[in-house]
Amino acid sequence: PRWVLFACLEAPVEGGRALLHSAEAVERELRRTAPDLLERMLRHGFSIETGFLDDAHPEKANNTFQSWQERFGTNDADEALRRAQAMTDEYDACWWGEARTLMTRITLTAKWPDARGVGQLRFPRVALDGPSARNGFRRFPLGNGEVLTAEEESRVREALLSTAEGLTMRRGDLVLFDNLRFGHSRESFNGERVVLVGMAGEVWDPAVSE
């Protein structure tokens, strides 16, 4: 989505700040602290691998993604794979992984142009935990399949955190931002936190073809 809106219905007792991350600031910080890593990102782009568990998998209740039966609207494994492979706007590769998990991958260019034609760095993702059934066996390699080392992941986290702009949301607050120019995250919190998220404006970008 091009635009993202946060609407705070209930603010937590403590913590839970909404954090915005400027793509330009993150790129500047990576160029300063990890220039070789940034150049590899720009050259190869980013991949996101996500698995859809079987609805009978014992970890399904702890997994936030749909089962492959739900996601692809069929209980037939062969048909589910065919439907996934036909979704070329969303996935460039699909395969069966362990424990009847339908794995998908999308590989995208490192930058996408904003309304001014200026390329904005896509936010390099890092996993807080290793791939597991609970997180859909998620991985975030570079577009050439190269997995970041622990040190490289640490450099990415440091770049994201050091450039974050924090906002404490109160009940009734609205936050609207350009999803091309800013990424988002949040801090941990105590108490109830209810924030509705609205999205608008589809943005498509060609996949990396190397």
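The values are calculated or read from the model by the stated rules, or taken from the named source; none is laboratory data. What you are looking at is a predicted structure, and each value in this text was computed from that prediction instead of being measured. Using ideal geometry, Cβ is built from the backbone for each residue, glycine included, and neighbour counts are taken over all protein chains shown. Remember, those area values only see protein heavy atoms, side chains included, never the ligands or the DNA or RNA. Shrake-Rupley method; radii C 1.70, N 1.55, O 1.52, S 1.80 Å.
Quick one: would you say Arg125 is surrounded by 15 or more Cβ atoms within 10 Å (Cβ to Cβ) and modelled with pLDDT of 95 or more? Step through it out loud before you land on a result.
Values: surrounded by 15 or more Cβ atoms within 10 Å (Cβ to Cβ): yes; modelled with pLDDT of 95 or more: no.
No: the conditions fail for Arg125.
From Val175, Val195, which residue is outside any loop (DSSP other than H, G, I, E, B) and open to solvent by less than 30 Å² (accessible area, probe 1.4 Å)? Break it down into steps so the answer makes sense when it comes.
Working: Val195 fails: open to solvent by less than 30 Å² (accessible area, probe 1.4 Å).
Val175 is the lone residue from the list that is outside any loop (DSSP other than H, G, I, E, B) and open to solvent by less than 30 Å² (accessible area, probe 1.4 Å).
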How do the helices (runs of 4 or more DSSP H) wholly within the range 1-94 filter down when requiring 3 or more residues that are aliphatic (A, V, I, L, M), touching a residue at least 40 places away in the same chain (Cβ under 8 Å) and buried (at least 18 other Cβ atoms within 10 Å of the Cβ): which remain?
23-33
Top-ranked residue of the range 101-120 - restricted to ones that are within 18 Å of Asn179 (Cα to Cα) and part of a strand (DSSP E or B), ranked as modelled with the lowest pLDDT
Pro113
Looking at the range 84-116 only, could you name the residues that are out of contact with any Ser or Thr (no Cβ under 7 Å at 6 or more places or on another chain) and of a type in the set (S, T, N, Q)?
Gln85, Thr88, Thr101, Thr109
